[in-house]
Amino acid sequence: MSNDEAGGTPTDSPAGSPEDNAEAAAVAVEPAAEPASDPTTHRFECRSCGFVYDPGEGVRKLAIEPGTPFQDLDPLAFRCPVCRSKMGAFRDIGPRNKPSGFEENLDFGLGVNRLTPGQKNVLIFGAFALAIAFFLSLYSLR
């Protein structure tokens, strides 16, 4: 033990001991903890039909106002607006801005795996539009 429990004074270990260095290295290697996301902002997906309940949008068809968290919905009265499944059929898919995919795979793919689904759509369809523009520009060559 390097510090006395009551006073905080050094006891058996010298200041630069290997134990202290190992502890400091272990602390430096640990990744920074991600801030906990607010569960009231999480989206929920119906496992039966794929409908996604987003608290930021609400459901106009069921008169659910935007900003209503999934946990605040009445479990007896709420049904999926598409397939009429109960609340038990929904699973938490996280906040809107969460990258899609498994956590262990997010560091691969030249950073593309860290993009949100909306950003991936812009990247893919933007590349298609650019390819079509290049292809059509070939007609201007003589």
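What follows draws every value from the coordinates through simple rules; no lab data is involved. None of these values were measured; they are calculated from a predicted model. So basically every Cβ, Gly included, is an ideal-geometry build from the backbone, and we count neighbours across all protein chains shown.
How would you rank 93, 132, going from fewest to most other Cβ atoms within 10 Å of each one's own Cβ? Ranking 93, 132 by Cβ neighbours within 10 Å, fewest first, gives 132, 93. Taking amide H positions as modeled 1.01 Å from N, with prolines and chain starts lacking one, the residues under 5 Å from residue 93 and 5 or more places away or on another chain are 43, 44, 45. Sorting 65, 45 by the number of Cβ atoms found within 10 Å of their own Cβ, with the fewest placed first, yields 65, 45.
Sequence-ordered 3J(HN,Hα) estimates for the range 72-78 from the Karplus curve with 6.51, -1.76 and 1.60 and θ = phi - 60° stand at 7, 6, 6, x, 7, 9, 6 Hz, glycine and proline given as x.
Within straight-line reach of residue 86, meaning a Cα separation under 24 Å, sit the following lysines at least 8 residues removed in sequence or on another chain: 61. The chymotrypsin sites (Phe, Trp or Tyr not before Pro) of the range 42-133 meeting both criteria, a DSSP state outside H, G, I, E and B (loop) and at most 15 other C-beta atoms within 10 angstrom of the site's C-beta, are 102, 108. The alpha carbon radius of gyration of the range 56-127, expressed as a multiple of 2.2 N^0.38 Å, is 1.45.
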